[in-house]
1. Being surrounded by 11 or more Cβ atoms within 10 Å (Cβ to Cβ) and not assigned by TED's automatic domain parsing to the domain that holds Asp277 is true for just one of Ala15, Ala27, Ala62, Ala20. Which residue is that?
2. Which members of segment 83-108 meet the condition of being within 13 Å of the ligand (Cβ to nearest atom) and either out of contact with any Phe, Trp or Tyr (no Cβ under 9 Å at 6 or more places or on another chain) or not assigned by TED's automatic domain parsing to the domain that holds Val223 (or both)?
3. Can you tell me which residue is farthest from Asp139 (Cα to Cα) among those in segment 214-232 that are within 14 Å of the ligand (Cβ to nearest atom) and part of a loop (DSSP other than H, G, I, E, B)?
Amino acid sequence: MDLQAASKDQLQQWAQQLEAEYETIKAQKLGLDLTRGKPSAEQLSLSNAMDGILDGNYSDDAGTDCRNYGGLDGIAGARALGAELIGAPASNVMAGGNSSLTLMHQAMSVAYHYGLNGPESAWNKQEKATFICPVPGYDRHYGVCEHIGINMVTVGMDANGPDMDAVEKLIKEDSSIVGMWAVPRFSNPTGVVYSDDVVARIAKLGNIANANFRVFWDNAYAVHALSDDAPQLANIWQACKEAGTEDSVLQFASTSKITFAGSGVAFLAASDANLSDFKKSLGFMTIGPDKVNQLRHVKFFAGDHALAEHMNKHAAIIRPRFESVLNHLQAAFGNNELGQWESAQGGYFISFDTQPGLAKEVVSLASEAGVKLTPAGATFPYGQDPQNSNIRIAPTVPTVEQVDEAMKVFVCCVKLASVKQALAA
Ligand code: PMP
């Protein structure tokens, strides 16, 4: 389907065929959903053995009674699990409650109101505080910034991660910049793994930025590869040590998409100085995390390869769904200009770009045909995709057959919207 080269007659013929196909799909009254970036019930069931695993024994290795209050840092075993996920020393990892998003919100609030390096470092001392947001990205990150009152500027993402020339330029030119979001492995939604060069350049930002600059390194998909040959991520902790910028990066992760999405354990890894200031504030918010749940996780992942073996089981469930999406996209758009995407090798999403101006139309056509997609624009700050082209596809929850069905509809909607746009031009 080469829309540029096609004659008006040819375009009209395609439009008629696609309208007919679309009407047939609509008549089926489908009820499919590609919106939810969450584990399927089958994935959640992989962790059912956590239930009852303590069997009445609530003490951790140090003899702490995990039922009681205390231990702001989390129990040692959980911190070690976080260290394994994040790739930082356990002594610099805190194990918290069930949500890394909560930790990110708390860390950003503390940095904004109280400072992560004494009261003078609080971002609200500046006239304006701005975060760099690589786009497309994760809508809840933008929500945290908006909620706290932090301004957002965007930089593009490519197959290697954020456009680092743009990031460095912004930092040099705009003193209001206090931080940057990053989802470095199997990014939400593009599935991209940041290249070694991008990781090294992010680690060096602390040397050119405002002293209070912090990268929020959200490694939500650190171990969520779909196959053994998926790209690895360079270790930012190590890179920061080499660059002398340990204070400039806060790392987050959780077991939300490893065990139970609503009952996992979240982690924060940071320099001694950052952790110390963060904990001063955290101590006003809680007496300590849910250590019983942390202990359940520690017991569940006891053994050298337990985590890797567990993630292989997740991959076996998710892989066919991703393959279905990618096969449909390749077959329909591999040889034309109608769409672009990254072949995600892990994570929870595939990000698709239509021709400029069509994302909303495609989402609306799909919705009318019984396939729910994440609203167009959600992957950009303030819900504004300037190109109106990005659509996030989340295939983990539906069955493989449902993904297959939904992707046929998706492809039809993209083609229909594209042909109609070409006809109107
Ligand atoms: N970060 C990213 C990039 C995510 O995609 C998600 C979940 N969709 C989260 C954080 C939420 O993690 P948690 O459940 O630990 O709050």
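1. Of the residues listed, the single one that is surrounded by 11 or more Cβ atoms within 10 Å (Cβ to Cβ) and not assigned by TED's automatic domain parsing to the domain that holds Asp277 is Ala15.
2. Gly97, Ser99, Thr102, His105
3. Of everything passing the filter in segment 214-232, Val223 is farthest from Asp139 (Cα to Cα).
The values are calculated or read from the model by the stated rules, or taken from the named source; none is laboratory data. From a predicted model like this one, the values you see are computed outputs, not experimental measurements. FYI the Cβ positions are ideal-geometry reconstructions off the backbone, even for glycines, and counts take in every protein chain you see.
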